[in-house]
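Colleague: Take a look at the following structure, please.
None of the figures in this text is laboratory data; all of them are computed from the coordinates on show. Quick caveat: nothing in here was measured; it's all calculated off a predicted structure. Backbone-built Cβ (ideal geometry, glycine too); neighbour counts: all protein chains shown.
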Amino acid sequence: MDFWSLFLMDFVKQLQSPTLSFLIGGMVIAALGSQLQIPESICKIIVFMLLTKIGLTGGIAIRNSNLTEMILPALFSVALGILIVFIARFTLAKLPEG
């Protein structure tokens with residue numbers, strides 16, 4: 001029961017974040033078929049702010065974490081990334097051109 005209450009509290013907290021609000025709002029607007037167009041300058045500012053927030057949040061989380069706990073997932077991520085590139089390289093190379 002404790003797991004579900006913590007999960008629900010975290011879920012509600014995440015729903016209140018501006019990053020997720022922009023994502024959900026954009027999906028709803030696109031699903032409704034709206035012709036909303038955001039000016040290019042405002043779009044650049046929004047993208048810059050969201051990327052900055054994500055980068056700062058990730059940097060703070062890395063700073064507060066234990067480095068030894070991060071080594072195995074980091075190595076696994078690098079190995080998986082390399083494996084995906086090789087799989088794509090050899091499977092997509094066999095597709096006919098044009």
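Colleague: If we keep just the residues of the range 56-98 that are among the small types (Gly, Ala, Ser) and part of a loop (DSSP other than H, G, I, E, B), which is surrounded by the fewest Cβ atoms within 10 Å (Cβ to Cβ)?
Modeller: In this case the residue turns out to be GLY98.
Colleague: Any residue at all in the range 18-31 that is loosely packed, with under 10 Cβ neighbours inside 10 Å and either within 15 Å of the chain's Cα centre (by Cα) or part of a helix (DSSP H, G or I) (or both)?
Modeller: Our first condition is that a residue be loosely packed, with under 10 Cβ neighbours inside 10 Å; within the range 18-31, this holds for 31.
Those left that are additionally either within 15 Å of the chain's Cα centre (by Cα) or part of a helix (DSSP H, G or I) (or both): 31.
Looking through the range 18-31, at least one residue is loosely packed, with under 10 Cβ neighbours inside 10 Å and either within 15 Å of the chain's Cα centre (by Cα) or part of a helix (DSSP H, G or I) (or both).
Colleague: Check off (1) more than 30 Å from PRO18 (Cα to Cα); (2) of a type in the set (D, E, K, R); (3) assigned to a helix (DSSP H, G or I) for LYS53 and give me the number that stays unchecked.
Modeller: Evaluating LYS53 over (1) more than 30 Å from PRO18 (Cα to Cα); (2) of a type in the set (D, E, K, R); (3) assigned to a helix (DSSP H, G or I) leaves (1) as the failure.
Colleague: Sticking with this one: Only one residue in ILE82, ILE62 is under 21 Å from the mean Cα position of the chain (by Cα) and more than 30 Å from SER17 (Cα to Cα), so which one is that? First the steps, then the outcome.
Modeller: Details: ILE62 fails: more than 30 Å from SER17 (Cα to Cα).
Of ILE82, ILE62, the one residue that is under 21 Å from the mean Cα position of the chain (by Cα) and more than 30 Å from SER17 (Cα to Cα) is ILE82.
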